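Have a look at the structure below, then the notes.
The numbers here are math on the coordinates, done by the rules we state, and not lab data. Since the structure is predicted, the reported quantities are computational estimates derived from the model, not experimental observations. No Cβ is skipped: glycine too gets one built from the backbone with ideal geometry, and neighbour counts run over all protein chains shown.
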Amino acid sequence: MSPTMMKALRKMSRGRGLQMDKVAVPEIGPTDALIRVRAASICGTDLHIFGWDRWSQGRIKPPLTLGHEFCGHVEKVGDEARGIAPGDFVSAEMHVNCGYCHQCRVGQPHICQNLEIIGIDRDGAFAEFVRIPARNVWKVDASIPERYAAILDPLGNAVHTVLAGEIAGHTVAVTGCGPIGLMAIAVARACGCSTLIATEVNEHRASLAKPMGADEVINPAETDAVARVRELTGGTGVDVLLEMSGNPTAIQQGFQMLRSGGRASLLGIPNKPVNLNLVEDVIFKGATVQGIYGRKMFETWVQMTSLLKSGRLNLEPLFRERYPLEGFQDAFALLRGGQAGKVLFYPNGDGEMGKK
Ligand code: NAD
Ligand code: ZN
C-alpha cells in the first residue's frame, strides 16, 4: 500500500529559511504521474528562495515544497497518461507549458507565455513523492547513473546553450564555472570544440574547470581575461561565448572576448540591467546574440540522452556531497559558500550516499 503522508522540505512562510514538514502525498489527476523521488539536487534558484531575495518575494507563494532537479521511479499514473508505467526510472521537464499560447503553437513551448515551474510555482521534488504531468515525465535510459539522472535539468540548460549553434572545431569561452558552466565545458568538449577557455573568480569552482575539460582557466580578478583570450586565439577572439555567470562584468568581458562574426549564447541571469557597448561588441562585430531559456522540449532531452549514452560526458568532478533531506541546513550552507558542485538529497533513503 502506498503511504498517505510524506516528508517534504518546504518554504512555510514569507521570509528566510526552509523547514522539514509532514504533508499529504499528492493526489494525481488523470493526466498526471506520481513519482517516488530517488535523488534530488539543489539549484542556485533554491538558494535564492532559501535566502528570500527580491525575486523570490515576487514569485514564491508559500507554503511550497522546493526542488526541480530530480530522478525517481514512477509510483502510479493517471488513467489518461501515456508512455510510462509504474516502476519506470524517470526524470522530468519541470517547466510546464500551457499548450495554447502563441509560442506553444509555433513549436517553442520552452518560452511559453504561461510557463509554470514545478518546485517554484507548484510543489516540487524535495519530498518523498512529486506529482508531474505525465507528458513532462522523461524516461531515463538504463545506462545513465542515478546521480546523473538527478541533474538532467541543469545539464539540459548546458546542452541547450552549447548546441544553440555550431561548436565542433570552434574556440569557446565559458564565463562562470558554477555547476552549469562546468557542465557546459564538458558538453562543449564532448561535442568537439577546439580550445576552451573558462573564467571563474571562485577558487574551488575554478579548480573543477580543467577536470571538466577546459584548456585554460582565468581568474578575471587577477588576470586581464580579455587580453589573455586574445593571446590564446592569435588576436582574433573566440568563435563562441557561453555566458554562464549572470555577472555584469563577466558578460561585458565575454563580449570583448568574442571574435567578429562570433556567437554569444547567454544563459546566466543578471539581477539588474547590464550596460553593453552594442556598437563595438555586437553591431560592428556582426555578432549573433542568443538568449537561452530552459531546455527545448524535448529536443534538448534527446540530445542530452545521446551524449550521456555515448559515454563521452564525464560529470564526476561535480559530485561529492550527498545528504538526507534533514541535512538541508548544512547542504545549503555548503553551496552558499561556493564550496560544492552539485549537492544531492536522497529523500527516500541513502541510496548512493556514502559511496563515491
Ligand atoms: P552559479 O551562480 O552557481 O554560477 C555562476 C558562477 O559565476 C559562480 O561560480 C561565480 O563565482 C561565477 N562568477 C561570478 N562573477 C564572475 C566573473 N566576473 N567572472 C567569471 N565568473 C564569475 O549558477 P549556476 O547554477 O551554474 O547557473 C549559471 C547561471 O545561469 C546563473 O546566473 C543562473 O541564474 C542562470 N540560469 C539560467 C537558466 C536559464 O534558463 N536561462 C537556467 C538555470 C540557471
Ligand atoms: Zn504556452
request  = Taking a cut-off of 29 Å between Cα atoms, list the lysines near Lys285, but don't count ones fewer than 8 places away on the same chain.
outcome  = Lys272, Lys296
request  = Could you work out how far apart the two model spin labels at Glu203 and Arg82 are, taking each label as a point 7 Å from the Cα in the direction of the beta carbon, and quote it in nm?
outcome  = 5.6
request  = Mind jotting down the distance between the C-alpha centroids of the range 69-144 and the range 207-262, whole Å?
outcome  = 35
remark   = Note on the range 256-336: alpha-carbon gyration tensor, axes a ≥ b ≥ c; rule is a/c under 1.5 for rounded, else prolate if a/b larger than b/c, else oblate; result oblate
request  = Would you list which lysines come within 18 Å of Lys11, measuring only between C-alpha atoms, while excluding same-chain residues fewer than 8 positions from it?
outcome  = Lys22, Lys61
inquiry  = Using only the alpha-carbon atoms, how far is helix 152-162 inclined from the longest principal axis of the chain? Give it as 0 to 90 degrees, nearest 10.
reply    = 20
query = Once both axes come from the Cα atoms, what is the angle between helix 203-212 and the longest principal axis of the chain, in degrees from 0 to 90, rounded to 10?
reply = 90
ask   = In nm, to one decimal, how far is the Asn219 label point from the Lys272 one, both placed 7 Å along Cα→Cβ?
value = 2.6
inquiry  = Can you find, among His48, Met20, Ala209, the residue sitting farthest towards the positive end of the charge dipole of the chain, where Lys and Arg contribute +1 and Asp and Glu -1 at Cβ?
reply    = Met20
query = Across the range 271-277, in residue order, what do the Karplus-derived ³J(HN,Hα) couplings come to in whole Hz, using 6.51 cos²θ - 1.76 cosθ + 1.60 with θ = phi - 60° and x for Gly and Pro?
reply = 8, 7, x, 10, 7, 10, 8
remark   = With only helices counted (DSSP H, runs n ≥ 4, each -39500 (n - 2.57)), the per-residue ellipticity at 222 nm for the chain, to the nearest 500, works out to -7000 deg cm²/dmol
remark   = Given unit charges at Cβ for Lys, Arg (+) and Asp, Glu (-), the dipole magnitude of the chain about its Cα centre in debye, nearest 20, is 320
ask   = Among His110, Tyr100, Gly124, whose Cα sits farthest toward the positive end of the charge dipole of the range 61-158 (+1 at Cβ of Lys/Arg, -1 at Cβ of Asp/Glu, about the Cα centre)?
value = Tyr100
query = Straight-line reach from Lys210: which lysines have a Cα under 22 Å away, not including same-chain ones fewer than 8 places off?
reply = Lys342, Lys356
